[in-house]
Amino acid sequence: MIAPYIQGFVTGGGLIVAIGAQNAFVLSQGIRKNHHKIIALVCIICDSVFITVGVAGVGAVICANPAFSQWVTWGGAAFLLFYGGSSLRSAIRGGRLEGSDRVARSLSAAVFTTLAVTLLNPHFYLDTVLLLGSISSRYQEESRLFFLAGAISASTLWFISLSIGGQMLAPLFKKQISWRILDGLVCVTMWFMAVLLLADNQLTIILQ
């Protein structure tokens, strides 16, 4: 059962580790120690809830429809390739953590801003519900739970690392080279997962 857990961890981690409003906000608040633990917890809860919805709901629908499963597999692979390409472009352009990120001065403002940068982002639903849900559908019930655990573990580890390690990472991520390396790793991960997804799909077709 270690294989589905690892794939869930790698896929979930690869989707989460990318420059974006949510990650920049969590990291900046971690640097400032501004309700950073609560902010990380909100992100973890949001990810956990919607990943579970994707794995339980979308996964079940896909499993019940083999033709749709094939379509989603190709669509998921295409999305992974596109996502990897976007990360590659970001790596080439370079990015940095801006010092002008918003500061939530109260706990309620911190929670509200965290929910906004999370739930108002369309890619959040594509990643957690659609993509992770569709990939998890390739596993049977028990293995799917391990995939779910792996994806949630990656999310939990990432947001805790961003929050707690924010101050140590601040000087590093003000440099473009750090973002270039990170985006480059995301690109390689996304393209690798796309190749694995297409290879598994082709093997399934042959066996049928």
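Using a 7 Å offset from the Cα along the Cα-to-Cβ direction at both S161 and V195, what is the distance between the two label points in nm, to one decimal? Result: 2.2 nm between the two label points.
Modelled spin-label separation between R180 and A3, with each label point placed 7 Å from Cα along the Cα-to-Cβ direction: 3.8 nm. At full extension, L120 and S106 could sit 3.0 nm farther apart than now, given 0.36 nm per residue minus the alpha carbon distance.
Every number here is computed from the coordinates shown, using simple stated rules; none is lab data. Values in this document were obtained by computation on a predicted structure and should not be read as measured data. Cβ coordinates were reconstructed from backbone atoms using ideal geometry, including for glycine residues, and neighbour counts include every protein chain displayed.
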